[in-house]
Amino acid sequence: MADMSVMAAQPLRLSILGMSCAGCVGAVESALQAVDGVAGVAVNFADHSAEITGVADATALIKAVKAAGYDAAVMEGLEDPDATEALERQRHRQLLNKTKAAGAFGLLLMLAEHFNALPDIGSATGSWFWPELALLTLGIMNYSGGHFYSNAYQSLLHRQANMDTLIALGTGSAWLYSCVVIDYYAWLPALAKHAYFEAAVMILAFINFGSALELQARGKTSQAIRQLLGLQPRSARVVRNGQELDVAIDQVGLGEIVRVRPGEKIAVDGELVEGYSSVDESMLTGEPLPVEKTIGSTVVAGTLNQTGSFLYTATRIGRDTVLAQIINSVRQAQNSKPTIARLADKISAVFVPIIIALSLLTFLMWLALGPEPALGYAFITAMTVLVIACPCALGLATPISVMVAVGRAAQSGILIRNGEALQSAGHLSCIILDKTGTVTQGKPTVAAIETFGGYSQDTVLQWAASLEAGSEHPLAGSILAAAGQHQLELEKVQQFQSMTGFGVAGVINGQPLYFGNKALMDNQGIAVADVGNKLEAFSVLGQTPMLLATENSVIGIIAVSDPIKNDSPQAVAQLQQLGLRVIMVTGDNASTARAIARQAGISEVHAHVLPDDKAKLVKSLQQQGEKVGMVGDGINDAPALAQADVGLAIGTGTDIAIESADVVILQGSLLKIPEAIALSKATIANIKQNLFGAFIYNVVSVPIAAGVLYPLFGILLNPMIAGAAMALSSVTVVSNANRLRWIKFF
């Protein structure tokens, strides 16, 4: 095992055993925060883990958790998903076995009582039968509910109360009361002479069964993490001293050459140095089409190689890989709490003491005002209040929905980096889209070539590309790429000149040539009036026209454009369908910006906007009362992303892009933006449903358990039914949260 004496800068994750309700979360957080060196603690009740930041002794952290009445173990690196699943299956089997033992014994007692097969407590046979039955019941309770009693005892030692406290008090008092009935049978009123052994064990059966169902349902919520973990291969084939060797994944070093064969998963991040292939990156980006990889291309750990074989250099290993960062981002988001969770946390913290007080009040009122046998009624109602009011559902309501939503988003190539962003995205009223690389493809291409004076398109393109070969202009690459596609050989250029802000000039085959914008032509005294209509037409289409001229006249126009992405109009329509005000910003000129916006279906445009001005625009809109989302590339738009209520970065999943926004889209599709916003709205609605259900359950069930219906209708709630209802309330919350995994947005 790795040395645990000192925490690394990376957050330390602990698996917490024994948490049963939201009250346990507070106890664990308090225990961990009290340890020297701890900077922050996030306890996730949904997957029973804790993430600790700071510099602290890991052994001391575990000791603090154990002292609080729980158990803990360090979760190292990218844990084995198969091992995690095996542990959960084992826990599930244990809960089912405890359910079967308590359920079978309780059912047998109930049937025996129903058919009057048990001897009377005060009879000669009953004098030895019932004490032995009490001991047997105690053994079943110890097997099926021992963990409740030990946790309740530890909580008592630390002056805390949780769900286990309620279960232990409810079932323990049922057993004790039954023992009092056996020992003091002759002293009790006739109607109070009833033992509740079957109620005690059946309550445990129902609660264990509910926990098993909850564990099974909760396991589905972490499926996204498991799938991401499952992407990590166990071994890699490295080239060392000319030999190809299979080594464990943690033995691969930086700079090593790694071989990937057809059908294999890529082990660590790297850069291709030999070979060619296409790689399926769908599990990381949600993009179904394979991506071609050639020499110099980057490859990402966990993605699947298709048909080719290649060699690549390892550039990121272990926790530094994109896959590890994505998993870490998903976990952080699942651990974080949106604002809506704070109310539930505050209520949960005081819920159990209130229920105990209500149970005591119920007991006293029935004892003072109830019909005979008042003691029997008082006991039954007090026990039922304790059992039915366990706050599991309340504690699960928010974290389980956040877990499912963040996992669902990750499977679609959307990284939601914190719970607050998940909540805020659903409240946005305005969304700002950066033009280049967001609405458009971000890769300028030659859109059209017009020629004059009898020159061919190939000649105009060949000469323009030859001139641009020596240029550093951003659009030079698109001209050269077009020449390459037409298989045109570049001509030798003499007397080359680069004129910043205007264009380039040179001599090809003795012919002086100029290639640039209209201002260059004006400076050289070359008339452009005859092609003015053409220039205007290109600008209206959102294309940038560049003119090629001899000393006397324009001989060609090459229009370059950054075309909009195919799905941009659909994405904009979906954003507007969600009720958002959509604005496009760009540093480009106004006519080009308007043309692109028109194609995308955007009516509000801000052109000639610098990066700092984008942040000012966001702030200005916020001052007008708008909740603003900013969509950019995650690097150039950093000021605006930081200023926005929610920053959404469109990137390729690099560490820079992941760190620059609240939400990161791992592929280039703008369609993921409305999907993320719609998911946020659905998640908040789901959390509200869960909280409403949990609150209503307790508001309605506790008074019924206390017996408010008895004076009018003669109805009292059976403690066993209360146990079943309590268990099923948690299952209902988890099941409702899991609906987010299948929800369709558009």
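Could you list, ordered by first residue, the pairs with Cβ atoms under 6 Å in which the first is in segment 597-615 and closer than 15 Å to R581 by Cα and the second is open to solvent by 90 Å² or more (accessible area, probe 1.4 Å) and modelled with pLDDT under 95, at least 6 apart or interchain?
Between residues of segment 597-615 that are closer than 15 Å to R581 by Cα and residues that are open to solvent by 90 Å² or more (accessible area, probe 1.4 Å) and modelled with pLDDT under 95, the close pairs are V605/R594.
Every residue in segment 484-498 that is within 22 Å of V446 (Cα to Cα) and free of Cβ contacts under 8 Å to residues at least 24 places away in the same chain, please.
Result: G484, Q485, Q487.
Cβ-Cβ below 6 Å, separation at least six or inter-chain, first residue in segment 250-274 and under 17 Å from R319 (Cα atoms) and in a strand (DSSP E or B), second open to solvent by 50 Å² or more (accessible area, probe 1.4 Å) and of a type in the set (S, T, Y): which pairs?
D269/T315; G270/T315
Identify, from the list M19, M1, the residue that is in a loop (DSSP other than H, G, I, E, B) and modelled with pLDDT of 75 or more.
It is M19.
Picking from D562, D633, D637, D588, which residue would you name as being among the acidic types (D, E), in contact with a strand residue (DSSP E or B) (Cβ under 9 Å, 6 or more places away or on another chain), under 30 Å from S456 (Cβ atoms) and modelled with pLDDT under 85?
D562
Here are K534, K614: which of them is part of a helix (DSSP H, G or I) and more than 16 Å from G437 (Cβ to Cβ)?
Residue meeting the stated conditions: K534.
Give me the pairs, please: first residue somewhere in segment 670-696 and at positive phi, second residue anywhere and open to solvent by 10 Å² or more (accessible area, probe 1.4 Å) and among the charged types (D, E, K, R), beta-carbon distance under 6 Å, and either six or more positions apart or on two chains.
none
Counting only residues that are more than 13 Å from V387 (Cβ to Cβ) and open to solvent by less than 50 Å² (accessible area, probe 1.4 Å), how many does segment 715-734 have?
4
What number of residues in segment 524-546 are hydroxyl-bearing (S, T, Y) and open to solvent by 40 Å² or more (accessible area, probe 1.4 Å)?
1
Just the residues that are open to solvent by less than 100 Å² (accessible area, probe 1.4 Å) and either farther than 13 Å from A640 by Cα or in contact with a His (Cβ under 9 Å, 6 or more places away or on another chain) (or both), please, taken from segment 614-628.
If the condition is that a residue be open to solvent by less than 100 Å² (accessible area, probe 1.4 Å) and either farther than 13 Å from A640 by Cα or in contact with a His (Cβ under 9 Å, 6 or more places away or on another chain) (or both), then K614, L617, G625, E626 are the ones that fit.
Here's a check for you: in segment 595-608, which residue that is open to solvent by 20 Å² or more (accessible area, probe 1.4 Å) and modelled with pLDDT under 90 is farthest from I677 (Cα to Cα)?
Filtering segment 595-608 for residues that are open to solvent by 20 Å² or more (accessible area, probe 1.4 Å) and modelled with pLDDT under 90, the one farthest from I677 (Cα to Cα) comes out as H608.
Which residues, taken from segment 466-479, are part of a helix (DSSP H, G or I), under 20 Å from V554 (Cα atoms) and touching a residue at least 12 places away in the same chain (Cβ under 8 Å)?
S466, L467, E468, I479
Count, please, the residues in segment 660-675 that happen to be assigned to a loop (DSSP other than H, G, I, E, B) and farther than 19 Å from G419 by Cβ.
Number satisfying all stated conditions: 6.
Specify the residue that is least open to solvent (accessible area, probe 1.4 Å); the eligible residues are those in segment 663-683 that are closer than 13 Å to S412 by Cα and not aliphatic (A, V, I, L, M).
Here the residue is P674.
From T440, T451, which residue is closer than 30 Å to E604 by Cβ and modelled with pLDDT of 85 or more?
T440
Go through segment 289-303 residue by residue and tally those that are in a strand (DSSP E or B), open to solvent by 60 Å² or more (accessible area, probe 1.4 Å) and not β-branched (V, I, T).
Selection size over segment 289-303: 1.
Residues that are over 43 Å from the mean Cα position of the chain (by Cα) and more than 30 Å from V663 (Cβ to Cβ): does segment 436-446 have at least one?
Taking every residue of segment 436-446 in turn, none turns out to be over 43 Å from the mean Cα position of the chain (by Cα) and more than 30 Å from V663 (Cβ to Cβ).
Among the residues of segment 392-406, what is the count of those that are more than 30 Å from T165 (Cβ to Cβ) and either open to solvent by 10 Å² or more (accessible area, probe 1.4 Å) or of a type outside the set (G, A, S) (or both)?
The total comes to 1.
Step by step: first the residues of segment 154-171, then only those that are free of Cβ contacts under 8 Å to residues at least 24 places away in the same chain and either in contact with a Gly (Cβ under 7 Å, 6 or more places away or on another chain) or in a helix (DSSP H, G or I) (or both), then the one that is surrounded by the most Cβ atoms within 10 Å (Cβ to Cβ). Which residue is that?
Of everything passing the filter in segment 154-171, A168 is surrounded by the most Cβ atoms within 10 Å (Cβ to Cβ).
Can you name every residue in segment 537-571 that is in contact (Cβ under 8 Å) with a residue 40 or more places away in the chain and in a loop (DSSP other than H, G, I, E, B)?
L541, G542, Q543, S553, D562, P563, K565, D567
Taking segment 547-584 as the search range and keeping residues that are within 18 Å of Q511 (Cβ to Cβ) and touching a Gly at 6+ places or on another chain (Cβ under 6 Å), which one is surrounded by the fewest Cβ atoms within 10 Å (Cβ to Cβ)?
I555
Test A409 against the criterion of being open to solvent by less than 10 Å² (accessible area, probe 1.4 Å), of a type in the set (G, A, S) and either modelled with pLDDT under 85 or within 30 Å of L367 (Cα to Cα) (or both), and give yes or no.
Against the criterion (open to solvent by less than 10 Å² (accessible area, probe 1.4 Å), of a type in the set (G, A, S) and either modelled with pLDDT under 85 or within 30 Å of L367 (Cα to Cα) (or both)), A409 does not qualify.
Which one is farthest from the chain's Cα centre (by Cα) among residues in segment 507-523 that are in a helix (DSSP H, G or I) and buried (at least 17 other Cβ atoms within 10 Å of the Cβ)?
Selected residue: M521.
Please state which one of L535, L488, L548 is aliphatic (A, V, I, L, M) and under 18 Å from T592 (Cβ atoms).
L535
List every residue pair whose Cβ atoms lie under 7 Å apart, where the two residues are 6 or more positions apart in sequence or sit on different chains, the first residue falls within segment 228-244 and is under 22 Å from Q325 (Cβ atoms) and open to solvent by less than 30 Å² (accessible area, probe 1.4 Å), and the second residue, located anywhere, is in a loop (DSSP other than H, G, I, E, B) and at pLDDT 90 or above.
So the pair list comes out as P233/A267; A236/A267; A236/V268.
The values are calculated or read from the model by the stated rules, or taken from the named source; none is laboratory data. In this text, all values refer to a predicted model and were calculated from it rather than measured experimentally. Glycine gets a Cβ as well: all are built from the backbone with ideal geometry, and neighbour counts include every protein chain shown. Calculation scope for accessible area: heavy atoms of the full protein, side chains included, ligands and nucleic acids excluded. Shrake-Rupley method; radii C 1.70, N 1.55, O 1.52, S 1.80 Å.
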